[in-house]
Amino acid sequence: MKTKLLFLISFFSFALSFSQTKITGKVTFKNKGIGEINVTLKDTYDGATTDSDGNFSFETSEKGNQILTFTHPKYNEVQKPIVIEDKDVSVNTELKEQINEIDAVVISAGSIEASDRKRATALLTPIDIYTTAGADGQISSALTYLPGVQKVGETEGLFVRGGTGTETKIFMDGSLINNYFSSSVPGIAGRDRFNTSLFKGNIFSSGGYSALYGQALSGALMLESVDLPDQSSYDFGVSPIFLNGGFQKLGDNKNYSYGATLGYSNLNLMQKIFNFNTNFIDAPQGLNGDANFRIKTKSGGFLKYYGMFDTNRMGVKTESLEPGYDFALVRLKGENTYHNLSFKQKFGKYLFNTSASYSYNQSDLNFSTETNQIESEKTELLNDGNYINFKAVIDRKINKISALRGGFELNYANEKLNFGEVNKNYRDLISSGFLETDLGFSNNLSAKIGVRAENSSYLNKNNLAPRFALAYRLAKDWTTSFAYGLFFQNPESKYINSSADLDFQKSQHYIFQVQRSTEGRSLRFEAFYKKYDELIKTQNIVPNSNQNQQVQTAFNNNGNGFAKGLEVFWRDKKTFENIDYWISYSFLNSKRDFLNYPVSLKPSFAAEHTISVVAKRFIPEWKTGVNLSYTYAKGRPYYDIVTQNDKNIIRNEGRLKDYNALNLSFNYLPNIGKKDSKAFTIFVLSISNILGNKNVYGYNFSQNGSRSSAVVPPVNTFVFVGMFISFGVDKTQDAINNNL
Amino acid sequence: MKKYILSFALACMSLLSFAQANYEKVMTEKIAKIETCKTPEDFQALANDFQRIAEKETTKWLPNYYAAFAYIQKGRVLMREGKMQELDAVADQAQKFIDAAESVEKENSEIHLLQKMVYSLKMMVNPQERYMTFGMKAQDELNKAEKFNPNNPRVTLIKAEDIYFTPEQYGGSKIKGMELFKAALEKFNSFKPKTSLEPNWGKEEAAYFIGLEKAK
């Protein structure tokens, strides 16, 4: 009987439990109904998903005290206790937006970030660089197609918003690269030494950059090297001007990799085919190699090493401007090496990041003259530089989008220069400390506040540089940001040729930006004002009367200047199928009284208007990419400034003709998408300055100022052909061996 | 006394079997809904349903499997609508559930197939840039899925779709794709899932593509 009763009770309780209660409600965010919210009766299968108006409804057989949860990745989870009896239950909920990295507004004033793949604002990736016609696969050249970067053909370096090429510093994994560009002779720009594909992304800041970086008055380019490769591979490239090969080996457990490359380049053959403006007595040639390893430690750390060496040489002969000589000759031998070791690891909330780099540069320039086919004795300009950079940063997350970071940096330089009578030994240790905080107030408002302090042992001076940035989301796709910062930079050592009491050079940036980014399109307007103080002033000294090679020496910091401008950038991958294009326009108004300028002048490296257009189209039927780029830059001013009786005077001045260049390149990928292909081959044909515009970069003047010659590119129109093949290491052999 | 114990035990068992029956009932119900889902919102709701079950049944891989599958289907619909920007987020959601399923059930052809589909979605966000990473990973996972169960008709189906939709200049082929759809259909006809809850989707899709050819 009792058994029966028990059975009855348990049966009854089941029956009871089948009686259903309806639970309904509305979920809102800022009083608007939101869809796709997961509503769950905790620890049961019961629940529902809200419709686009925020309404939900479901039935449950549960009884008593229960908890209703509301979840969605974009909102904070809400739990609501409810009591279920026989009546239907109605629950309304207001959700709060979850603060998270993906939705948080990004401070983008002054900076163009190409590394963060999560964000739609990513603008320039390694593939973008390779497929930009006229960039020759060089990061620095590709950047000249973005707003704010000047096209200056005769000197290497990034000329940002009225700043000189040395006012922008380049960093790899946080460490300063002291020799990013190859050694050069006057009038011919050095090239990027670092392989574009070595970097998975980059952040290019044309002003207002973070307190983590210093010693750059204008901008900073932060390159991030690749992590472990996805697979082992070997590759080689061949073209009439170079030959290179390399491999990457990935460890079996995918926790380490190593690789190396070797390359040789020589322009000799092309010199025979093309009509070069420059008379190379030794065609530019170079040998380079690099090696790397990357190790993931068991404790979750990541150790990376990259090392490279590079030698280059060339000789150039130009008609002499000086009376009594037929030709002026210059020969260059450059040797250098760079090593970078970095380590990062997470310890709970702390991220520890450290890197050390060493570089050695030697550039050996020989100047001579030729008269009646007899070469004079050579004057040697020998530069030896050793640089060590060390940086440690600790980063602590405060909440999902806020962080505090601090650290220190040591930057040691030891340079020796021998030029005729001049023997210089320059040593400087710049010690810096920095502290910075990212403050995310909501997904729509964030700020970055930082400060950096530096001491230079050479100058025996200290500086303190506060920096500040703010970003606010105006509407769904519109953001605005503002940045302010104080920046210091030591005088360039090449201007320190006599004793003088010098100080840091100083600049202040004010940047205001409005940006709209939507799927496949982005539009940005940026206005900036940059004020320079304490720029160095120099006088010319002529160490050798046979040469018109002038040396400048700094004597005080009384220079100053300003740059202001407006920039527009538009990129669109969406409107036209398979076409990706961008347009940038920069207006720049700048004046400076610095170096040997006798008064405040428009700098010779600053063009008032620059327009560039880049378009890329991939044609699947032909497996071919067609890339086009065009740059227009208003003619820059040029000056012939000499020092007479301790006073600088302008002997000649004028304006260059406008710069124009249309470039075209094709990439043909015959094996693309072939599932069984083991090799990926790319053929490249690129023609720079296809219209053959005769561009002029500046003028050289004779010592007395009566004769001049134009500084022109080594070649007006250049054609490059090349083939690049990479092989994923064939795994079929391994598979066969393992199964035997 | 014995009777008490017996009846108590019986009551417990009935409760247990009730719970078990409930799991199967709910799962069966939800799995049946897969076929009726059309829009991203439908699939999101379905993913949420499976997530609820997964949160309760932490030792079972199937609820996680289906939650991931619903997200992937949502992603595939978004992809067809050209909303590539949303694919990353959807794929990341799917990945969470795949990881959960994988932690319970190892070396399962069906799970690796889902992993392949997630990588394919990720690749589609920017094929030119991501082909070398996610394209390769997807291929790897497809190979694993095939290795763990060479008779899995869904592996053949996804392979067929890949080849069918790849333009010929990229090594795709409508003809080869069609052959694979037919091979998949054959496999579907002889395929018996281990339990009624195990993955059994895809046959209609194969039939649909074969139907396309016949309609011509």
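The values are calculated or read from the model by the stated rules, or taken from the named source; none is laboratory data. As the structure is a prediction and not an experimental result, all values here were calculated from the model. Because the Cβ atoms are built from the backbone with ideal geometry, glycine has one as well, and the counts that use them run over all protein chains shown. Surface accessibility is based on the protein's heavy atoms, side chains included, excluding ligands, DNA and RNA. Shrake-Rupley method; radii C 1.70, N 1.55, O 1.52, S 1.80 Å.
Before moving on, here are some points about what is shown:
- The combined condition, being more than 14 Å from chain B (Cβ to nearest Cβ) and free of Cβ contacts under 8 Å to residues at least 12 places away in the same chain, is not fulfilled by A:Asn589.
- Of the candidates A:Tyr597, A:Tyr632, A:Tyr639, the single residue that is within 30 Å of A:Ser206 (Cα to Cα), of a type outside the set (Gly, Ala, Ser) and not in a strand (DSSP E or B) is A:Tyr597.
- Test set (1) more than 17 Å from the chain's Cα centre (by Cα); (2) facing another protein chain (nearest Cβ under 10 Å) - B:Phe165 fails condition number: (2)
- All positions within region B:102-136 that are within 14 Å of chain A (Cβ to nearest Cβ) and among the aliphatic types (A, V, I, L, M): B:Met123, B:Met124, B:Val125, B:Met132, B:Met136
- For A:Glu370, the stated conditions hold: it is open to solvent by less than 30 Å² (accessible area, probe 1.4 Å), over 23 Å from A:Gly174 (Cα atoms), touching a Lys or Arg at 6+ places or on another chain (Cβ under 9 Å) and not hydrophobic (A, V, I, L, M, F, W, C).
- Among the residues listed as B:Ala19, B:Ala45, the single one being open to solvent by 20 Å² or more (accessible area, probe 1.4 Å), at pLDDT below 85, within 11 Å of chain A (Cβ to nearest Cβ) and in a helix (DSSP H, G or I): B:Ala19
- Residue in region A:20-34 that is open to solvent by less than 30 Å² (accessible area, probe 1.4 Å), within 13 Å of chain B (Cβ to nearest Cβ), assigned to a loop (DSSP other than H, G, I, E, B) and modelled with pLDDT of 90 or more present: yes
- When region B:82-101 is filtered for residues that are touching a residue at least 40 places away in the same chain (Cβ under 8 Å) and within 14 Å of another protein chain (Cβ to nearest Cβ), the ones remaining, listed by number, are B:Met84, B:Gln85, B:Gln93, B:Phe97.
- Total residues in region A:134-171 satisfying the condition of being of a type in the set (Gly, Ala, Ser), part of a loop (DSSP other than H, G, I, E, B) and surrounded by 24 or more Cβ atoms within 10 Å (Cβ to Cβ): the figure is 5.
- Checklist (1) in contact with a strand residue (DSSP E or B) (Cβ under 6 Å, 6 or more places away or on another chain); (2) within 30 Å of A:Thr643 (Cα to Cα); (3) at pLDDT below 90 applied to A:Ser706, failing item: (1)
- Flag for A:Thr44 being part of a strand (DSSP E or B) and within 12 Å of chain B (Cβ to nearest Cβ): no
- Listed by position, the helices (runs of 4 or more DSSP H) contained in region B:81-169 that have at least 3 residues being in the same structural domain as B:Asp42 (by TED's automatic domain parsing) and among the acidic types (Asp, Glu) are B:87-104.
- Search result, residues across region A:132-167 that are of a type in the set (Ser, Thr, Tyr), under 22 Å from A:Phe569 (Cα atoms) and in contact with a helix residue (DSSP H, G or I) (Cβ under 9 Å, 6 or more places away or on another chain): A:Thr132, A:Ser141
- Residues that are at pLDDT 90 or above and of a type outside the set (S, T, N, Q) within region B:178-191 comprise B:Met178, B:Glu179, B:Leu180, B:Phe181, B:Lys182, B:Ala183, B:Ala184, B:Leu185, B:Glu186, B:Lys187, B:Phe188, listed in sequence order.
Table: residues versus (1) within 17 Å of the chain's Cα centre (by Cα); (2) open to solvent by 70 Å² or more (accessible area, probe 1.4 Å).
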position	(1), (2)
B:Lys122	yes, no
B:Asn143	yes, yes
B:Asn151	yes, yes
B:Val155	yes, no
B:Gly171	no, no
B:Lys182	no, yes
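- Checklist (1) away from every other protein chain (no Cβ under 14 Å); (2) touching a Leu at 6+ places or on another chain (Cβ under 8 Å); (3) among the small types (Gly, Ala, Ser) applied to A:Gly625, failing item: (1)
- Condition check for A:Ser359: open to solvent by less than 20 Å² (accessible area, probe 1.4 Å), modelled with pLDDT under 90 and either of a type in the set (S, T, N, Q) or closer than 25 Å to A:Val226 by Cβ (or both): no
- The set of residues from region A:310-321 being among the charged types (D, E, K, R) and crowded, with 17+ Cβ neighbours inside 10 Å comprises A:Asp310, A:Arg313, A:Lys317.
- Of the residues making up region A:207-240, those that are under 16 Å from A:Gln489 (Cβ atoms) and assigned to a loop (DSSP other than H, G, I, E, B) are A:Gly207, A:Gly208, A:Tyr209, A:Ser210, A:Ala211, A:Leu212, A:Tyr213, A:Gly214, A:Gln215, A:Ala216, A:Leu217, A:Ser218.
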